[in-house]
Every structure is written in C-alpha cells, then in structure tokens.
Amino acid sequence: MTTIRPMQPADKEAVLAMMEVSTLPGCLSNGSAAIFSSDFEACINNNPYLEGYMFEENGQIQGYAMAAKSFSTEFGRPCIWVEDLYIKEDFRGTGIGSLFLEFIEKKYPEAVLRLEVEEENGRAVKVYEKMALTSCHIWK
C-alpha cells in the first residue's frame, strides 16, 4: 500500500533525479539544477508556501509531489496549486495520483485545488477529470 509522507533531507537525490526526468522534451518547465535544488530545499525547510511529499511502499520510492499555497480571489478562499506530481513509470496507473489528490483535499478541505496539465499527458488528464477538480487547466 502506498504511503504519502513529507519530504525529508535524505530524499534529495531521488527527488532531483525525478525532477530531471519530468522536464524531458514535451514538458513545460523553466527548470534548472539550481531551481530544482531551491524547490527541494523550500519543501524541507518549513517554507510557508511550498510543501513536498513522497510516495512510497515498503521503502521503495514511487514518486513525489509539491503543493504550493496561495489565495484565490476568484473563489475567496485559500488555494492549493499542485505544482509537481511525478510518479515513476512502473507505478503509473496504480491510483497514486488520485490518492495524492484525495490526500490534499482532506488536508485542505476549504481550499480550491488547482493544477495545470499538458494535453498530451492523457493519463493525467483522465485522473484530473475523474476527480472533478475545482480548477484544472489543460494546456493545448
């Protein structure tokens, strides 16, 4: 069974490696090694705007996610942006994405949940549509 836990300093190498893979051609990203490292440090150092999570089962890392906090003037309440949601290829289609979105919805029940996804990422689009998120932008 997959568990979701906060990122820890020991996760740095694994997270940075997954961040590199997630920025291959076809992904929208301004990522660089310096930005990736800064993002990771924000996740583990109590940054009030960014939280990082790991997905794992029996000590095996399955992926990670980052959630950014803001406020939606459109909805008049807090907003959680799913900035990164990466699942290793061997674990895709196993429900981890849905599990994480449900986790965030339970943790922040009053918040608007927002994310963006590229149209080519059909599997992710289906997950987000199934979850009926408050705000999901599909890049075309």
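Laid out as a table, the results:
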{"item": "Burial order of peptide ranges 77-87, 49-59, 31-41 (average beta-carbon count within 10 Å, highest first)", "result": "77-87, 49-59, 31-41"}
{"item": "Rough spin-label spacing in nm, given labels placed 7 Å along Cα→Cβ, for residue 21 and residue 33", "result": "2.0"}
{"item": "Computed lengthening from residue 13 to residue 1, 0.36 nm per intervening residue step minus Cα-Cα distance", "result": "2.0 nm"}
{"item": "Nearest-20 debye value, the stretch 1-115 charge dipole, Cβ charges on Lys, Arg, Asp, Glu", "result": "260"}
{"item": "The stretch 60-66 - phi-based ³J(HN,Hα) in whole Hz, Karplus 6.51/-1.76/1.60, Gly and Pro as x", "result": "8, 6, 9, x, 8, 8, 10"}
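Every number in this text was worked out from the coordinates using simple rules, so none of it is lab data. The structure presented is a predicted model; accordingly, all values stated were derived computationally and were not measured. Cβ: placed from backbone, ideal geometry, glycine included. Neighbour counts: every protein chain shown.
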